[in-house]
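Below is one structure, written out as structure tokens; comments come after it.
Read-outs throughout are calculated quantities, based only on the coordinates presented, and are distinct from any laboratory measurement. Note that the structure is predicted; figures quoted are calculated from it, not measured. Note that we place each Cβ from the backbone using ideal geometry, even for glycine, and neighbour counts take in every protein chain shown.
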Amino acid sequence: MSMVSILICISMSALSLIVAVVPFVVGEVKKRKVIKPVEYFPPAGSSPIDFLTQFYGSSAKSRDLFNAVMLYWASRGFITIEEDCKRGLKLIKLKNLTRPESNDGFDSRTYDIQEQLFEYLFSAKDTFYTLATSCHFKDCFKKITDRCDEQAKKVTSRNSGKYTLISSLTAVASYLGVMIAVACSIENSAIVLGFIFPLAAMGMYKLVIVLPEDDGVPKGSSIRFFLVPFFLAVGLIPATAVMLFMHPVAAAVSGIELAVCFLILFIVSVKIDIRDDGQLKFYARICGFKNFLILAEARQLEALVEQDPQYYYNILPYCYILNITEKLKPKFDAIALDGPAWYLGDLRDTLMF
Amino acid sequence: MYKPVPYHIAAAGVYGCIVILCALALYYGLRAKRNVKKEKVTALARGFSPLDIQRIFIGKTYPRKLTRALIVHWAQLGYLRVEYVSKYRVKLVCLRKPPEHNEEKAVFFDRGTYVRERDLFNEIFSRQGEAKTVNILKALFKRDDVRSINASYAVREDEGVYSSKHYKLKVFSFILSVMPFFINGAYLCATGSFVGVIMPFVMFVGMFVFRFLRELPIVFRTVWSAFWVIPMLALMIVFFNDTFDPLFLGWASVVMLLFGGFVLIRFVDYREKNNLSDYSDLINYKKYLLYTNKKILKDVDYYEVLPYLYTFNIKVLVKRKFNTDTLPDWYVSDNGKRGKLL
């Protein structure tokens, strides 16, 4: 393979990588550079759903929302939580859900999502047992998580979607370009056909993943799980076999381009998260609150608990969403905490941490 | 074609995987047993179902295998009257239906098990007073009914039994069991046999379908997977037989795939803290039934423990220790014959 061909291939790979990495880095730098005010409390009126959508943006995983929302409702006095048969929860409705007095600039539509979930839980009876919940609830909860995901997508600016699409298309174009360059260079176009398989496998996998749930392969099913090794085999076997018969330099160039394409399509492009100044304002406040909790010394937290004995239980739902409960455990373990009135069971270790 | 350096690297990898998987199986296999407390458990909570025992032990229930245990359990709770028909056949008469799980009358150990058990009962009896003659050696329910009842609840049976760490460990063990095959494939490539690339992937597809595509019928799944896996195993052995293989890498990878993937992986078991405590109680109760002498057990109500004897599969071993002279109130036998149920 000639030096010119190698340089052309490397340039194309580098270009596609730059197109994907630059918006990703820009988004991350903007998030990092934004001024994060120190917040001792979660912004007034914000719910765990606000935290989830604003903090994680389009990469929010709303399936883990249930515990946090339950704790949030309990801390606001709408429900009580009891342990049920050591492995479940009994939720008792105390009063109807009401809108917070101030939503402090956060999106009020997240309250509608909460209301819908509350309605699902307590529409028939005032007591909800997780262990006796019918599978119908799964569908209802799915609708809730879909709404959360939809809400989360709105948090990132429209440019993120554009850049994701552009970087994916560039990656595919560069892959095809490199393969054509390699084929021309080694004067054996047939051998490069083996590299169509990984591209087809990656494309098919993406297509299956983005298919709507009703028409496509259901989420969490083993068939969906099976697709990973299947497409891995379909893509890698022909490509590896072809590489073994190629000149080592040509094989290395093709292999590198395959790796770059995979990296862009499955890792970098999906993480592009560019936000405008308005969107960054909420993100910064949540970050400030998170940083305070992580960096605060035990005596600072102790002072806050002295002011408000329920402080820990009020921030707990948000800690769940921010995934910092494990980090906070040693700090709060040192502070004497009374169990909150709304929690009547002995599930602290399971539910809280 | 034998190449010493790649060969010894491959050997280190293959035997490393074997050692790690054996260590995991040994450590986690004994974890639940290590946590069994030294205490005497002489009775289980009222309403403790045979299905609870299965759930606590293995994280799922097989009501089709518990016909006798469930009949006795339901009769003891007053839901059934049992009439003798023949040695292996009894007539079940529904006296009342199990109450809803949220009613005060409902007696159970675990709500999740109870709601399923209640549905199973309702599957047999649609109304009070209904009678059915059943063979106690056959399943009471159809497989599809059990499946659909299980699937009709949002919370899985193994919730609270196995944590996510358990499933991560299982996946890790599965990877360890197939890894030697991939290492051998890489070694074959290094020696110039490029078919080494294809073998592991083809084998992996077969294994994956067999292990994880539970929706497919077992016979079809086995045959389909066998077509993918067995030729690859044979090919691996043939390839290594043709080369100098003093450390038996070919055989080691095949043995690891089958023994590790199907046997050792079963010992990798990581339970939730609460489940460990229930597990300990059940083991201690089983020990109590097995090893307590006749003088003490003579005063214990045999029919109360009978469902558990069936579930633990120790009825034959311990029945003689109990006083079985009188028939229980719920059992009707005109000719005084007991049948095999009791």
*Which of the aspartates and glutamates could a cross-linker span from A:Lys331 if the Cα-Cα distance has to be under 16 Å and same-chain partners fewer than 8 positions apart are dropped?*
A:Glu297, A:Glu302, A:Glu306, A:Asp349
*Ranked highest first by the average count of other Cβ atoms within 10 Å around their residues, in what order do A:61-67, B:327-333 fall?*
A:61-67, B:327-333
*Let me have the relative contact order for chain B, percent, based on Cα pairs under 8 Å that are six or more residues apart.*
31
*For segment B:211-342, what is the charge dipole size about the Cα centre, in debye to the nearest 20, if Lys and Arg each add +1 at the Cβ and Asp and Glu each add -1 at the Cβ?*
560
*Which pairs, out of A:Lys95/B:Lys165; A:Lys86/A:Lys138; A:Lys95/A:Lys138, put more than 29 Å between their alpha-carbon atoms?*
A:Lys95/B:Lys165
_Antiparallel versus total DSSP beta bridges in chain A: what percent is that, nearest 5?_
90
*asked:* Number of Lys pairs in segment B:218-342 with C-alpha atoms less than 18 angstrom apart, excluding same-chain neighbours closer than eight positions?
replied: 24
*Listed residues B:Val332, B:Leu289, A:Met246: farthest to the positive end of the dipole of the protein assembly as shown (Cβ charges)*: B:Val332
*May I ask you to derive the relative contact order of segment B:142-214, considering only C-alpha pairs under 8 Å and at least 6 residues apart, and to give it as an integer percent?*
15
_Choice from A:Thr145, A:Thr127, A:Thr156 with maximal GNM fluctuation in chain A (Cα, 10 Å cutoff)_ = A:Thr127
*Number of Lys-Lys pairs in segment B:1-133 under 22 Å by Cα, sequence gap 8 or more or different chains?*
9
*Show which lysines lie in cross-link reach of A:Lys271 when reach means a straight Cα distance below 22 angstrom and same-chain residues fewer than eight apart are skipped.*
A:Lys30, A:Lys31, A:Lys33, A:Lys36, A:Lys61, A:Lys153, A:Lys154, A:Lys162, A:Lys206, A:Lys219, A:Lys281, A:Lys290
*asked:* Can you give me the C-alpha center-to-center distance between segment A:20-68 and segment A:115-162, rounded to a whole angstrom?
replied: 19
*List the aspartates and glutamates whose Cα lies under 12 Å from the Cα of B:Lys142, skipping any in the same chain that are fewer than 8 positions away.*
B:Glu123
_Rounded to whole Hz, the Karplus (6.51, -1.76, 1.60) HN-Hα couplings of segment B:314-331, x for glycine and proline_ = 10, 4, 4, 6, 10, 4, 4, 7, 9, 8, 10, 5, 8, 8, x, 4, 7, 9
*Across peptide A:125-137, how many C-beta atoms of other chains are within 10 Å of each residue C-beta, on average?*
5
*asked:* Charges on Cβ only, +1 for Lys and Arg, -1 for Asp and Glu, centred on the Cα centroid of chain A; of A:Phe282, A:Phe262, A:Met3, which one is farthest towards the dipole's positive end?
replied: A:Met3
